[in-house]
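The values are calculated or read from the model by the stated rules, or taken from the named source; none is laboratory data. Quantities reported herein were computed from a predicted structural model and do not represent experimental measurements. With ideal geometry, Cβ positions are generated from the backbone for all residues, glycine too; neighbour counts draw on all protein chains shown. These area figures cover heavy atoms from the full protein model, side chains too; ligands, DNA and RNA do not enter into them. Shrake-Rupley method; radii C 1.70, N 1.55, O 1.52, S 1.80 Å.
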Amino acid sequence: MAEHIYEKEALINRLESYLGKTFEMIDNKGMFEHVQDINLQKGIAGAVVEQCIFEYPHDSRQEADLIIVEGDKYIKTELKTTGLLIQKAPKKHYIAKEPMSITAVGVYNLAEQEFETSHFWEKLEHMLIIYYHYSAKHAVSAYDYKDFQMVGYEFHEFSNEDIEILKNDWENVRSLCKEIISHHPGEKNKEWKAAVKKEYIDVHTQLRRVLSYIDLAPKFPPRFRLKKPMVSSIIAKHFGYDLEQLPGKYMSVSDIDAKCKELTDKYAGKSIRQLSRTLGLEVKEEKDLEQKGIAEKIVVSMFGGKAKKLNQIALFEKFGLIGKTITFTSNGGRTEDMKLYHVDFEEMLRDTIIDDNGDKRQIMFEDSDMYGYFADHELLCIIFKESTPNDTKKDSSKLLASNIFVGFKRIVFSEEFINTTVKKLWEDTRDKIKNHKLIDVVQKSKNGSIVFLKNGEISTAPNFLKGSDNDVFLRGSGQDSALVHKTECVNGICMLPQYVWIKGLAVVNELNQTPEI
């Protein structure tokens, strides 16, 4: 690896000179002119960084890419090129475009490795991450990457706590591989590999419940990846978007569960009004207790934080936990559907994807953002209950301060749920758009009459799956459905920005099947 050795100070000067430049400006080898002929194992962005900034050809060896010389230290360092998107709320900041691929899992021999000397840890112990802004609002060809800017770089090392979590994740994967191998004694021939592969494919999804920072890419042979939420937390810290650090030490999701149980034992049975006083929240007027955001503030305060929103907490970001406050009616029901995330239609309509080995193939549901959202995230549900029966939304909102804290439940979406209910939405949406089945439907009331907006316009909405069709569905979200707010356009149809939702009844059913923490 002599050609991959760099003095750190000189390398920093080199990287600084490329900040703010587009890949086309960085490309001093005419790579975009011959993009079809380039080995794109790391994508065109990674290829340009390797060959034009670091000036070495494509390298497929499993060892770390670089050796960084710092004083008398020679540090093996993995080079990563990572795309960033911009998220506007709650504050404009960069987030990860996708998970970060690390290295092959090695199902057949992982049981023989130790974490400290594993290929996995060699790739993660020291990383040089090159950040570029994926500024397009849709999927683009390799050639169009020329317009994306390099916006940062980072010599990244994980904290001791993060290392413990990564080690625990890796050992969970190794334990499963070791168990699978133990089921297949005998000569390690072609038939043996086929049997091991089949069992791995059959059982590997059980890992999702125990992995915190990593997941495994869906295709066999699998690869270790840092989950998208974890990559986003690295990005947030580097670019100064400071998510709040909670007091306490959390090494796994089970540690969060233990904290939730402690909080339930301490606060269950208290109303929002009582909790706001107990936790010392500043409530200037009684009406402030009737704001929907008050429940989130209370929960953050329970954990020892000061942020206004649960999604501003670093702990939840790293572990892929999405905090949701849930209010049951006094008889145990719930009417509100749950909004999850904004749909990127261009991403949904991709036809092909480039694997880590450079192969181009047809996209699968498992490659989609929709699959990734449900597979990489869990819902930490903070449960309240109305203190008295209410038949109208107006009465319910007035009595919000009287709602009683019940406790926590953590919903982990099952593979069956993802591969049936969620996949149905993905396939139906793609089919309607690709095959021009998408239409704008006039909305009607229960008695069959046409619904008009306050400004006199007829209310219309696209014929995506609705809550009556599927437990996971699409719904527009905006101030109202007037044409001026229909800023999304698909197949020539203007619509409100579309979000993925889960039916309230489906959430209730999931919670009823989920034990309390």
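Is it the case that Lys398 is modelled with pLDDT of 90 or more, among the basic types (Lys, Arg) and within 30 Å of Ile294 (Cβ to Cβ)? Taking the combined requirement at face value, the residue does not satisfy it. In region 297-316, the qualifying residues are those that are at pLDDT below 80 and among the charged types (D, E, K, R), and the one that is farthest from Ile163 (Cα to Cα) is Lys308. Which one is most open to solvent (accessible area, probe 1.4 Å), of the residues in region 425-450 that are hydrophobic (A, V, I, L, M, F, W, C) and touching a residue at least 40 places away in the same chain (Cβ under 8 Å)? Ranking the qualifying residues of region 425-450, first place goes to Ile439. Filtering region 133-161 to residues that are part of a helix (DSSP H, G or I) and small (Gly, Ala, Ser) leaves only Ala142.
No other residue among Glu187, Glu164 is out of contact with any helix residue (DSSP H, G or I) (no Cβ under 9 Å at 6 or more places or on another chain) and either assigned to a loop (DSSP other than H, G, I, E, B) or among the hydroxyl-bearing types (Ser, Thr, Tyr) (or both) apart from Glu187. As an exercise: evaluate Arg361 against (1) surrounded by 14 or more Cβ atoms within 10 Å (Cβ to Cβ); (2) at pLDDT below 85; (3) part of a strand (DSSP E or B) and give the number of the one condition it does not meet. Of everything listed in (1) surrounded by 14 or more Cβ atoms within 10 Å (Cβ to Cβ); (2) at pLDDT below 85; (3) part of a strand (DSSP E or B), Arg361 misses just condition (1).
For Lys73, the criteria (1) at pLDDT below 85; (2) farther than 18 Å from Thr22 by Cα hold in every case but one, which is (1). In region 129-141, is there at least one residue being of a type in the set (A, V, I, L, M, F, W, C), crowded, with 19+ Cβ neighbours inside 10 Å and modelled with pLDDT of 95 or more? Yes, region 129-141 contains at least one residue that is of a type in the set (A, V, I, L, M, F, W, C), crowded, with 19+ Cβ neighbours inside 10 Å and modelled with pLDDT of 95 or more. Among residues that are outside any helix (DSSP H, G or I), open to solvent by 30 Å² or more (accessible area, probe 1.4 Å) and over 25 Å from Glu346 (Cβ atoms), Asn509 is not included. For region 102-119, the criterion of being under 23 Å from the mean Cα position of the chain (by Cα), small (Gly, Ala, Ser) and open to solvent by less than 30 Å² (accessible area, probe 1.4 Å) is met by none of the residues. The residues of region 228-253 that are at positive phi and out of contact with any strand residue (DSSP E or B) (no Cβ under 9 Å at 6 or more places or on another chain) amount to a single one, Gly248. Selection of region 421-453 for residues being over 27 Å from Phe374 (Cα atoms) and modelled with pLDDT of 95 or more yields an empty set. Against the list (1) over 19 Å from the mean Cα position of the chain (by Cα); (2) part of a loop (DSSP other than H, G, I, E, B), the condition Cys260 fails is (2).
Anything in region 149-174 that is modelled with pLDDT under 95 and farther than 16 Å from Arg225 by Cα? List them, or say none. Ser159, Asn160, Glu161, Glu164, listed by residue number.
Within region 451-467, restricting attention to residues that are among the hydrophobic types (A, V, I, L, M, F, W, C) and touching a residue at least 24 places away in the same chain (Cβ under 8 Å), the residue that is surrounded by the fewest Cβ atoms within 10 Å (Cβ to Cβ) is Leu453.
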